[in-house]
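Below is one structure, written out as structure tokens, with a few remarks after it.
What follows is calculated from the coordinates using simple rules that are stated; it is not laboratory data. Every value quoted in this text rests on a predicted model; they were computed, and no experiment measured them. Here Cβ is always computed from backbone atoms with ideal geometry, including for glycine, and neighbour counts include all displayed protein chains.
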Amino acid sequence: MRITSSVYLAVNIFVVLFGLSCFIWGFYLVKEGYRIKDTFQTATGTIYNVIIKHDYSTEIANTQEYLQIEFPLSNGKKIRFTNDYSQENKKYKIGDNIPVYYNPEKPENAYVADYRFLFVPGGILLFLGGALMIFAGQLIVKFFFRKKTIDKLKQTGIKIQAPFMEAKEDFETTIMEKHPVVIRVEMEDGSSLFSDKIWNFNPEAIKPGHMIDIYFDPINKKDYYIDLEFLQNK
């Protein structure tokens, strides 16, 4: 179903921007992971404690585990740090040995030397951000292509009129718990045509039998536009 609503465009632009921010964040995390891997020194740490925090922000409470790790420097000094939360933390227990990367200039700046800790979060964000940008981006392209097609139909298409029959909500599309509406008109031969999706429809603005302008492509009759712009002012 075709959509030419400004609400639809605004939502997809937001999704693209959100995807872009995820992609940039993911790129930064992956780049930071490589920087840590290439410039930090390695040591063997021991898990001396596991901090368990409860998250009640969702309907089903879940726990988040943070590893507290101790490792020795070459001079014998012992450094302690708390690893960031990760699903992988659940695989470890107190007393386990684990490789770590640490900044030789500031040893407290340390990370678990595991690709799952260094690269998985950034990789997930890269994938998620890229997928969102591609998905919403192609919808934006379709939006503007449809607008261009409508302008052409209104300039060169064959104009007829058909009576409005009904308006139906499209429950497959939801934005902020609202659904767009599709208008059905009936042709002289009894067949039905359906409009592009429209938002903020006022059922009092149009009654059954109201004649609506329709523009057809003179070559391809399957390409048409039901003109509902008059509803925007009601």
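Determine the gain in length on full extension of the stretch K159-Y66; use 0.36 nm per residue of separation and subtract their C-alpha separation, reporting nm with one decimal.
Details: separation 93, 0.36 × 93 = 33.48 nm, distance 6.72 nm.
Extra length available between K159 and Y66 comes to 26.8 nm.
State, in angstrom, two size descriptors of region 157-233 derived from its alpha carbons: Rg to one decimal place and Dmax to the nearest whole number.
Spelled out, the Cα radius of gyration and Dmax of region 157-233 are 12.9, 39 Å.
Please report, in whole Å³, the volume per residue of the convex hull around the C-alpha atoms of region 5-53. List each step's numbers first, then the result.
Details: hull volume 4.4 nm³, N = 49.
Cα-based convex hull of region 5-53, divided per residue, equals 89 Å³.
Could you pull out the pairs from K53/K93; K152/K207; K152/K222; K147/K221; K197/K221; K31/K91 whose alpha carbons sit more than 22 Å apart here?
Values: K53/K93 15 Å; K152/K207 28 Å; K152/K222 15 Å; K147/K221 18 Å; K197/K221 20 Å; K31/K91 26 Å.
Listed pairs above 22 Å: K152/K207; K31/K91.
Express in nm, to one decimal, how much length is gained between K142 and E172 on full extension, taking 0.36 nm for each residue of separation and deducting their alpha carbon distance. Each step should come with its number before you reach the end.
Working: separation 30, 0.36 × 30 = 10.80 nm, distance 1.85 nm.
Contour length minus Cα-Cα distance gives 9.0 nm.
Region 10-123: percent of C-alpha pairs farther apart than 25 Å?
Numbers: 2247 of 6441 pairs.
Value for region 10-123: 35 percent of Cα pairs lie more than 25 Å apart.
Determine the calculated [θ] at 222 nm for the chain from helices alone, applying -39500 (n - 2.57) to every DSSP H run no shorter than 4 residues and normalising by the residue count; nearest 500 deg cm²/dmol.
Details: 3 runs with 75 residues, N = 234.
After summing the helix terms and dividing by residue count, I get -11500 deg cm²/dmol.
Counting GluC sites (Glu not before Pro) as exposed when in a DSSP loop with at most 10 other beta carbons within 10 Å, what is the longest stretch of the chain free of them? Can you show the working numbers first?
On the way: sites that count: E59, E105, E172, E177, E188.
Looking at the chain, 106-171 is the longest stretch - no exposed GluC sites (Glu not before Pro) with at most 10 other Cβ atoms within 10 Å.
Once the other residues with Cβ under 10 Å from the Cβ of E229 are scored (Lys, Arg +1; Asp, Glu -1), what is the net sum?
Values: positive: K154; negative: D213, D227.
Computed value for this residue: -1.
Calculate the FRET efficiency for I52 and W25 from the Cβ-Cβ distance with a Förster distance of 41 Å, rounded to the nearest 0.05.
Details: r = 27 Å, r/R0 = 0.65.
Rounded to the nearest 0.05, the efficiency is 0.95.
Tell me which label goes with the value of log10 I(q)/I(0) by the Debye sum over Cα atoms at q = 0.10 Å⁻¹ computed from the coordinates here: (i) -0.67; (ii) -0.47; (iii) -0.59.
(i)
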